[in-house]
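Student: Got a structure for you, questions after.
The values are calculated or read from the model by the stated rules, or taken from the named source; none is laboratory data. The structure displayed is predicted, hence computed values, not measured ones. Backbone-built Cβ (ideal geometry, glycine too); neighbour counts: all protein chains shown. We work out accessible area using only protein heavy atoms, side chains counted, and drop any ligands, DNA or RNA first. Shrake-Rupley method; radii C 1.70, N 1.55, O 1.52, S 1.80 Å.
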Number of protein chains: 2
Amino acid sequence: MSAFTDNELEYLAGQRLGRIATVGPGGQPHVVPTSFRYNAEHDAIDVGGLWMSQTKKLRDVQRTGRASIVVDDVLPPWQPRMIEVRGTATVVATGGKALSERFEDVIVRIQPTRIISFGIDSADTHAHARSVGST
Amino acid sequence: MSAFTDNELEYLAGQRLGRIATVGPGGQPHVVPTSFRYNAEHDAIDVGGLWMSQTKKLRDVQRTGRASIVVDDVLPPWQPRMIEVRGTATVVATGGKALSERFEDVIVRIQPTRIISFGIDSADTHAHARSVGST
């Protein structure tokens, strides 16, 4: 059983970009747009991208083991929707073949420990948060 | 003199939403969409919003004194643009009158210490980063 609701999974599948946050040395947060996909096998969010091994987000995850991602948009005229996934994070070699020098065979996997969503489940009138997983 | 380039200021003025990242207790990052504006007097990014005093981002800033914000979009067909502002952060009473119970007289002000941008200055072909300010 997934930590996500069906509506949340459908929403995630329809969005192209999220913004991932990590924590740098000295406790300074770092936030950057990124592609992502829901990984059904691990019930996790996989974050990839160009030159992945050279990114600050990857180094931050290697050092801290934590990351969060927010996926959001606004439907007209002004109906904001968002889901934030906070969790433990690891650097994973996908085992696939790198598509090119730029598309490397490495991702950051976020295993959810807390999910906050707003505007995605039809009855949403407030943000709601829940702890998930074993952490 | 601003820590931002003219092109960066123009870009920021044209965007409605950013995503702010803070750090929670235990080192877990938090990231959430937010409105923002450039504050010319302080050469800072001011983040406001509904029920501001009750938000996790405000509590995180009170505890850590740090925040980062990313503002980004993609021009068609696929021309990504972004600016990330990392800095010290404080909770500030604006001294204005609260517009309503929801719109409170309090903001988070991010004073830049490092600016990373991509696709905004015309010659951009790579992301570039620079340290700014006195911190």
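Student: Taking each residue in A:12-22, count the Cβ atoms of any other chain within 10 Å of its Cβ, then average. What number comes out?
Tutor: 4
Student: Report, as an integer, the average count of C-beta atoms from other chains found within 10 Å of each Cβ along A:32-39.
Tutor: Per residue, the average neighbour count from other chains is 3.
Student: What ratio of Cα Rg to 2.2 N^0.38 Å holds for the protein assembly as shown?
Tutor: 0.98
Student: At a 10 angstrom cut-off on C-beta neighbours, averaged per residue, how do the peptides A:48-56, B:81-89 rank from highest to lowest?
Tutor: Highest to lowest by the protection proxy: B:81-89, A:48-56.
Student: Can you compute 3J(HN,Hα) from phi for each residue in the range B:77-91, using the Karplus curve 6.51 cos²θ - 1.76 cosθ + 1.60 with θ = phi - 60°, rounded to whole Hz and x for Gly and Pro?
Tutor: x, 6, 10, x, 10, 7, 9, 10, 10, 9, x, 7, 9, 9, 8
Student: Here's something else I'd like to know. Nearest 100 Å² is fine: what is the total accessible surface buried where chains A and B meet, probe 1.4 Å?
Tutor: When A and B are taken together, about 2300 Å² of accessible area is lost.
Student: Then there is this: For the range B:34-88, how big is the tail of P(r) above 13 Å, as a whole percent of Cα pairs?
Tutor: 69
Student: Moving on to the next point. Take every Cα-Cα distance within chain A, group them into 10 Å bins from 0 onward, and report for each bin the whole-number percent of pairs it holds.
Tutor: P(r) for chain A, in whole percents per bin: 12, 43, 33, 11, 1.
Student: Rounded to a whole number, what % of the accessible area of chain A do carbon and sulfur atoms account for, probe 1.4 Å?
Tutor: The value for chain A is 53 percent carbon and sulfur by accessible area.
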